[in-house]
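The values are calculated or read from the model by the stated rules, or taken from the named source; none is laboratory data. From a predicted model like this one, the values you see are computed outputs, not experimental measurements. In case anyone asks, the SASA skips ligands and DNA or RNA and just uses the protein heavy atoms, side chains included. Shrake-Rupley method; radii C 1.70, N 1.55, O 1.52, S 1.80 Å.
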Amino acid sequence: MSLILIAALALLFLTQIWAGLALRGLFADGAFYAAHLWLARGFVIIEPSRLTAQILVQAPVVLGMRLGATRPQAVALLFSLSSTLMPLLLTGSAVLILPRSQRHLALIPLFVFLAGSMSSAFASVADGPFAAAYCCLLLLMVAVAPLSPARLGLILLLSIGCLRLYESTAFLGPLLACASWQRARQTRG
């Protein structure tokens, strides 16, 4: 990757950290979720149809509470950071799963992130950008990443998570199924 792209991604990551520290994740329903996380001292699943998205966004907060961050302000900060950083971290993981010769394909989830997540940045608590990043990562793994036993296991695990990820998987699910079918036709053994 070029130095300019790396610098742009680093700046984007720093911007998301700043947004989390500025408590942008508490806008809209974020304060509601943070308060309920603090009261429950654990996961709060408000919308069962978004189970995967809610668990993965809340996991760092619950871990932080288990490690001692139990003040309401600390829980709110952890939730804000998690909700602003999680879509970008999923998007960035596309670079890790792709071989060096195909890393340019990581621009696909990056464009989805910039178009989807950044347009809803005023309410980072929204699960849609997270679901889009999750599906982009799975799509790249299914469509182009080299297959290994570990990656096949991760594909299976992420596919199971799609069952209760978000309503958009009603649209994105068929795309993933088509990519799986196409990859199965091309794969030998």
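Using a Gaussian network model of the chain in which every pair of alpha carbons under 10 angstrom is joined by a spring, one finds that among THR52, THR169, THR91 the greatest mean-square fluctuation is at THR169. Relative contact order of region 1-160: 26 percent, from C-alpha pairs under 8 Å at least 6 residues apart in sequence.
With all protein chains in place and a 1.4 Å probe, the accessible surface of the chain carries 73 percent carbon and sulfur. Compute a Gaussian network model of the chain, connecting alpha carbons closer than 10 Å, and tell me which residue from GLY68, GLY128, GLY20 fluctuates the most. The residue with the greatest mean-square fluctuation here is GLY68.
The mean accessible area for residues of the chain, using a 1.4 Å probe and ignoring ligands and nucleic acids, is 54 Å² per residue.
Each residue of region 36-43 was assigned a 3J(HN,Hα) from its phi angle through the Karplus curve 6.51 cos²θ - 1.76 cosθ + 1.60 (θ = phi - 60°); the sequence is 5, 4, 5, 5, 7, 6, x, 4 Hz, with glycine and proline shown as x. The C-alpha atoms of the chain define a longest principal axis, and helix 169-186 lies at about 30 degrees to it.
Every Cα-Cα pair in the chain was counted, and those over 31 Å apart are 19% of them. The mean of 1/r over all distinct Cα pairs in region 11-122, once inverted, gives the Kirkwood hydrodynamic radius of 14.8 Å.
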